[in-house]
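**Q** Okay, here's the structure, questions in a sec.
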Amino acid sequence: GGGGVTASAAENSQSEAVAELYELIAQAEALKTGNEEFQLQVSHTDDGSDVNQAFPWMYASELEELNNAIEFARSASASEAETAIIRLEEAMGKVKADGSDPYFRLDPGLGSVPIEITAPDNNWTTRAPLDYRVPSDFAGSTVQMIAYPFADSEGKADVLQINYKHNGTSTFGGISIESALDPAVEIPDGSTIEFDVYYPKSAQGKYMRWRISSDSGRSTTDSYLRDYDYTNLNPDWQGYWDNETWLKTHHSIVATTGTASKLILELHGENARPAESGMLLVSDIKITAPDPDGVPLPEVVNNENQSEVTPLKEIYNPENGLFMVGSIGTGSVTGTRARHYEIFVDGNNLKADSTHPTGPNWLKSVDGAPLSGANAEPGLAEYRFPTNSYLAIRDSGEPGEYKMHGHVLAWYNQAPAWMRQIIPEHLPSGYTGTAEFYGLGNGVTNTVKVDKDSARRVQYNHIMYVMRHFMTTDAKYGSSEDRGIIPFHSWDVLNEEVHESRHSELILQDANNWRNSLKHTNWLVAMSDDDITGDITEHYIYLLFKYAHIAVPNAQMAEAYKANYDSLPEYMKLDGHDNAGSIDAYVVDNPPKLTYNDYGTATRSKARTIYNMVRDLNTAWESDPLYDGRPLIEVVGFQGHDSVNETLASDNQYAMALYASLIDEGLLSGISFSEFDLKLLTDAPGGGATAPAALNIRQSDALGYQYALMYKLFTRFAPYIDHIISWGVSGSGWQGSYVLFDTQGNANAGYYGAADPDRYILGHSYLDDYFDGEYEKLQDSYAIDLGDLGTFLPKGSVLSSIDITAAPDKTAYTAGERFDPTGLVVNAVYANGNQKTITGYTISPDDALTTDDTSVTISYTENGVTKTAMLPITVNPDLSRAEAVEEQINALPSVDEIAIDNEEHIQAVADAKAAYDALSDYEKSFISEDAKAKLDALVKALNAYRITEGSGCSWMHGSDKGLTFAANGPLRKFEGVRIDGKDLDAQCYEAKSGSTIVTLKASYLNTLSVGEHRIDIVFADGEASGEFTVQAETTKPDVPVTGESSVIFWIAVIFVSAGAGVVLSAYRKKKGITK
């Protein structure tokens, strides 16, 4: 019973401890090893003065403790796991870094962040209202728990659905509900009640407040729905459900101290409303309290001014193979803008309400009535231009040093009132589930139906005047030769026309959808009206970009315009934007890059919707008679008003991969991050913050890490990216977002993350868990999954070469050895200039080296691409054999000392000759010439024809004995004898074998004169020569007559009969040697 349960619990506890220990051992090893940027330093002084204390270090004694703790942990039993964990954590805690360098920080801890102390059990029931004005029956309002209904549902808990009804007679409607807290708690000071509310845009004006109580209604706190933002142009979150766009807000309400066992949540409708219904969703309800063990984190101090750090534009620019960086702001370029940025934009001054305040007096409704505010003489009088703002940019710095981006020609917001009132003649108002509707842009108060040609003429003229004012010198557009062209690098033609949330449902139904996922802004969709679902070339987005191509044409457009002028619609000819069908006067070599700009592109369904739209429009454009060789939409701009979160970089990578694939297909020219800054929301590491507020060190590190991830992403996609624009220079960006410099103009963590992404990320590894897997997904080898479109690998991430950056320790070998790669460092180089050290390469040859090998080949394959590098090596022969043969030859007797009858000499020469012949030609080249000459002479001496016996002897007249000579040649080759150069008749001698023994007959010798004579024993391939003396007859000769038979002579003859060549051959055979 109980004992078994206890034992089981103990075992489980030990098992968990062992698992934790294994993980901790790995962390400790990683801490010791460090990474390519930061290695653990070891101090051997008392004060750490021999290390850089900004980076990880510990004393030698502490490292020894760490090593001992690791060893103990490795050998610890399950029962010792807890002890090992404590010991290892203590040892790891000795690693130090003072935090003075922005690129490195050890984990500073969580600080005094709130912790959850209780939450409702979500068994919600109705109760008596806290406010008597709420009808007791709630007018039929109900609540229930439902599954999270939006597209980002993965990992989301159920939500509380409030179905609100108001009877129209009570002061206001509402519903009061309660749920038990699990567990019941004592709420301390500083506690808060936290919850999220999801609300549809149709909720605007319906609701007044929440009334909350955690002490059974004895005290209450109100939090108002009246403050909800329904018009945020870039909300942090939005979803689509129940045919509506939903937004989200977070409530944080001070909780009443004391005992709490349930939570009361009461919704109050707005005062004096008609009968109506609505819906709200509430999620993540909890009560939090300050962590009693938490220590507040210090604020970060930014020490380096923007004037001291490396200019961002020096790191990122097209000359480096990367992209331009810029910021918001026009006017003269000075200070931070001048030092760090290259391209500039204004957030408002080129929008239609600024540039086109008055409409033309020709504009009429379909009924012929004039439009309010459209009363200007057509032409320049309609417009107001911020000329000096951009002229100042052009004239700053060196000519062409600074660039301009135009924002924006068409948008559903900030259009003039006279333009906003235009609606289509035939389309109905409001989304119908198809593309046949119009939607109201912002600020529309009254509407007037206008025919499609008039609506087109309005936008055509608007684009002509605004773009040509800057990009020409024509007085018609308010320019002049004296002023000159103000060149724009790029221009947003259309902004945010994809509906903010509808795509989340429609893409699931049709992956190629886009036409009914648009906003259909009333004055823009009027250009298409009832053709909106027809010919794509009549679509208002197509037309807007087409007009921009014509406004600032390249030469190809000018030619096409002339060639097709007769077929152009009349509205394009009414206002004098060409010269008798020619727009040659407006041709420029580099027209602005025409951009579609939108926010929320990190949302995959919206990214895909934009992809579908660009693909279809740009494909159709290639068949247009006015096609000018440029994509219709040239650039997709990302409005990156984003927040620090776990998947921001990989979500944006998905979108970038979509558009980069279009670039690879020739259907798009580039990508820009046209508006970039980062918020810190409440769930960010270190907690939420609103710029320009100072950050605690954990918030600062998270900001830098996120910027580093994003710039790592930008670098990976550098071949596709045109520019990145920071939506703020210093202090703050959009809606309290953080940019790269603080209010004092000092570089913040965002700057350092942007400047060196890899170093920043590797130096803040304590945040790896929060950004889990993001850095790995941004590596060059990571293929991006695009679902039904397959996978994508940026061409900048394609392997372009491999380089040997460090040669191996050994490059000289002896034949027979194998290549040793120790010390070899190989880097993979990618098309975007990125590099990384690789290990998964192959080496050829990978077997024994030979003297024919002059290099080894390093091969590396990644994603189907193989690259090689050659490493020169030297392979020397194994000279031990050559050295031994040389010694063998040197040990032989000299030619003068060789004795033909010495068996040891013959054997030694035969062995040396066989050993020499067995060497390779390369090995023979290392035998000295003296040794080779000696061996040749010895072999020749033993193998040359010579008279081995009898030469030098004498014969005396009157002797009846012949004179015998032995030669070392074979009898089968014997041809004759010459005496004193004359051939001797065969009757004068006898010849017999052994090798060849020639005996001159006495009868012949008696015919020779007294004195010295020469004998040549002639063979088929040579001769053996010798001398003999004929003496006069005397009774006592001085010299023995060698023709006499003697034992000594015949012993010598027997030996000679073997022949020196035969002897060598015999020994070779005996030794198994063949010549």
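**Q** Among the residues of region 875-894 satisfying the criterion of being part of a loop (DSSP other than H, G, I, E, B) and surrounded by 14 or more Cβ atoms within 10 Å (Cβ to Cβ), which is nearest to the chain's Cα centre (by Cα)?
**A** Checked region 875-894; the qualifying residue nearest to the chain's Cα centre (by Cα) is P877.
**Q** How many of the residues in region 292-337 are buried (at least 16 other Cβ atoms within 10 Å of the Cβ), more than 15 Å from T715 (Cβ to Cβ) and β-branched (V, I, T)?
**A** Qualifying residue count, region 292-337: 6.
**Q** May I ask you to list the residues in region 524-552 that are in contact with an Asp or Glu (Cβ under 7 Å, 6 or more places away or on another chain), surrounded by 16 or more Cβ atoms within 10 Å (Cβ to Cβ) and not in a helix (DSSP H, G or I)?
**A** The answer is S528, I532.
**Q** Then there is this: Just to be sure before I move on: is V309 over 24 Å from P692 (Cβ atoms) and among the hydrophobic types (A, V, I, L, M, F, W, C) in the structure I sent?
**A** no
**Q** If you don't mind, another one. Test S661 against the stated conditions and say whether it is more than 24 Å from G347 (Cβ to Cβ), among the hydroxyl-bearing types (S, T, Y) and in contact with a Gly (Cβ under 8 Å, 6 or more places away or on another chain).
**A** Considered against the rule, which asks whether it is more than 24 Å from G347 (Cβ to Cβ), among the hydroxyl-bearing types (S, T, Y) and in contact with a Gly (Cβ under 8 Å, 6 or more places away or on another chain), S661 comes out as no.
**Q** Can you name the residue in region 860-874 that is surrounded by fewer than 17 Cβ atoms within 10 Å (Cβ to Cβ) and modelled with pLDDT of 90 or more and, of all such residues, is farthest from T791 (Cα to Cα)?
**A** By that ranking, first place goes to T874.
Residue-by-condition table, conditions (1) modelled with pLDDT under 95; (2) surrounded by 11 or more Cβ atoms within 10 Å (Cβ to Cβ); (3) closer than 27 Å to A944 by Cβ:
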{"position": "K982", "(1), (2), (3)": "no, no, yes"}
{"position": "Y989", "(1), (2), (3)": "no, yes, yes"}
{"position": "T1029", "(1), (2), (3)": "no, yes, yes"}
{"position": "V1041", "(1), (2), (3)": "yes, yes, no"}
{"position": "I1048", "(1), (2), (3)": "yes, no, yes"}
{"position": "F1055", "(1), (2), (3)": "yes, yes, yes"}
{"position": "K1070", "(1), (2), (3)": "yes, no, yes"}
{"position": "T1074", "(1), (2), (3)": "yes, no, yes"}
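**Q** Identify, from the list Q556, Q509, the residue that is at pLDDT 95 or above, surrounded by fewer than 24 Cβ atoms within 10 Å (Cβ to Cβ) and not aliphatic (A, V, I, L, M).
**A** Q556
**Q** In addition: Taking interchain pairs and intrachain pairs at least six residues apart, which have beta carbon atoms under 6 angstrom, with the first residue in region 596-622 and touching a residue at least 24 places away in the same chain (Cβ under 8 Å) and the second small (G, A, S)?
**A** N597/G637; N597/S674; T601/A607; T601/A655; S605/S504; K606/G600; A607/A655; T609/S517
**Q** Taking V636 as meeting all but one of (1) farther than 24 Å from G796 by Cβ; (2) in contact with a strand residue (DSSP E or B) (Cβ under 8 Å, 6 or more places away or on another chain), write down the number of the exception.
**A** (1)
**Q** Would you point out which residue out of T472, T434 is in the same structural domain as Y611 (by TED's automatic domain parsing), among the hydroxyl-bearing types (S, T, Y), more than 30 Å from L247 (Cα to Cα) and within 46 Å of the chain's Cα centre (by Cα)?
**A** Exactly one residue qualifies, and that residue is T472.
**Q** Give the residue, chosen from Y711, Y707, Y738, Y720, that is surrounded by 23 or more Cβ atoms within 10 Å (Cβ to Cβ) and farther than 15 Å from D642 by Cβ.
**A** The unique qualifying residue is Y720.
**Q** Any chance you could count how many residues in region 462-499 are in contact with a helix residue (DSSP H, G or I) (Cβ under 8 Å, 6 or more places away or on another chain) and on the phi < 0 side of the Ramachandran plot?
**A** Qualifying residue count for the region: 26.
**Q** For region 69-104, name all the residues that are of a type in the set (K, R) and in contact with an Asp or Glu (Cβ under 6 Å, 6 or more places away or on another chain).
**A** K94
**Q** Please determine whether any residue of region 617-639 is within 21 Å of L312 (Cα to Cα), basic (K, R), at pLDDT 95 or above and touching a helix residue (DSSP H, G or I) at 6+ places or on another chain (Cβ under 8 Å).
**A** There is no residue in region 617-639 that is within 21 Å of L312 (Cα to Cα), basic (K, R), at pLDDT 95 or above and touching a helix residue (DSSP H, G or I) at 6+ places or on another chain (Cβ under 8 Å).
**Q** So which of A812, A754 is touching a helix residue (DSSP H, G or I) at 6+ places or on another chain (Cβ under 8 Å) and of a type in the set (G, A, S)?
**A** A754
**Q** While we're looking at this one, here's another question. Which residue, of I70, I86, is touching a Leu at 6+ places or on another chain (Cβ under 8 Å), among the β-branched types (V, I, T) and under 23 Å from L21 (Cα atoms)?
**A** I70
**Q** For Y390, indicate whether it is assigned to a helix (DSSP H, G or I), in contact with a strand residue (DSSP E or B) (Cβ under 9 Å, 6 or more places away or on another chain) and surrounded by 19 or more Cβ atoms within 10 Å (Cβ to Cβ).
**A** yes
**Q** Take D911 and decide whether it is in the same structural domain as Y813 (by TED's automatic domain parsing) and more than 30 Å from P318 (Cβ to Cβ).
**A** no
**Q** Okay, next question. Please find, among S75, S43, S15, S49, the residue that is small (G, A, S) and modelled with pLDDT under 90.
**A** Matching residue, one of S75, S43, S15, S49: S15.
**Q** Please specify each residue of region 607-630 satisfying the condition of being over 27 Å from the mean Cα position of the chain (by Cα) and surrounded by 22 or more Cβ atoms within 10 Å (Cβ to Cβ).
**A** Passing the criteria: M613, L617, N618, W621.
**Q** Are there any pairs, at least 6 apart or on different chains, whose C-beta atoms fall under 9 Å, with the first in region 202-218 and not assigned by TED's automatic domain parsing to the domain that holds A272 and the second among the hydrophobic types (A, V, I, L, M, F, W, C) and surrounded by fewer than 22 Cβ atoms within 10 Å (Cβ to Cβ), and if so, which?
**A** Listed by first residue and then by second, the contacts come to nothing, as the list is empty.
**Q** Would you say A338 is within 30 Å of the chain's Cα centre (by Cα) and either at pLDDT 95 or above or hydroxyl-bearing (S, T, Y) (or both)?
**A** So A338 fits the description; yes.
**Q** Let me ask something additional. So which residues in region 818-829 are in contact with a strand residue (DSSP E or B) (Cβ under 8 Å, 6 or more places away or on another chain) and closer than 23 Å to L849 by Cα, if there are any at all?
**A** F819, P821, G823, L824, V825, V826
**Q** Quick one: is A54 touching a residue at least 12 places away in the same chain (Cβ under 8 Å), closer than 29 Å to P102 by Cα and touching a His at 6+ places or on another chain (Cβ under 9 Å)?
**A** For A54, the condition - touching a residue at least 12 places away in the same chain (Cβ under 8 Å), closer than 29 Å to P102 by Cα and touching a His at 6+ places or on another chain (Cβ under 9 Å) - is not met.
**Q** Further question on the same structure: Please go through region 339-359 and give me each residue that is touching a residue at least 60 places away in the same chain (Cβ under 8 Å) and either among the hydroxyl-bearing types (S, T, Y) or surrounded by fewer than 20 Cβ atoms within 10 Å (Cβ to Cβ) (or both), ordered by number.
**A** Those that are touching a residue at least 60 places away in the same chain (Cβ under 8 Å) and either among the hydroxyl-bearing types (S, T, Y) or surrounded by fewer than 20 Cβ atoms within 10 Å (Cβ to Cβ) (or both): Y341, G347, N348, D353, S354, T355, T358.
The values are calculated or read from the model by the stated rules, or taken from the named source; none is laboratory data. Bear in mind the structure is a predicted one, so any value in this text is a computation, not a measurement. All Cβ positions, even for glycine, are placed from backbone atoms using ideal geometry, and neighbour counts span all protein chains on display.
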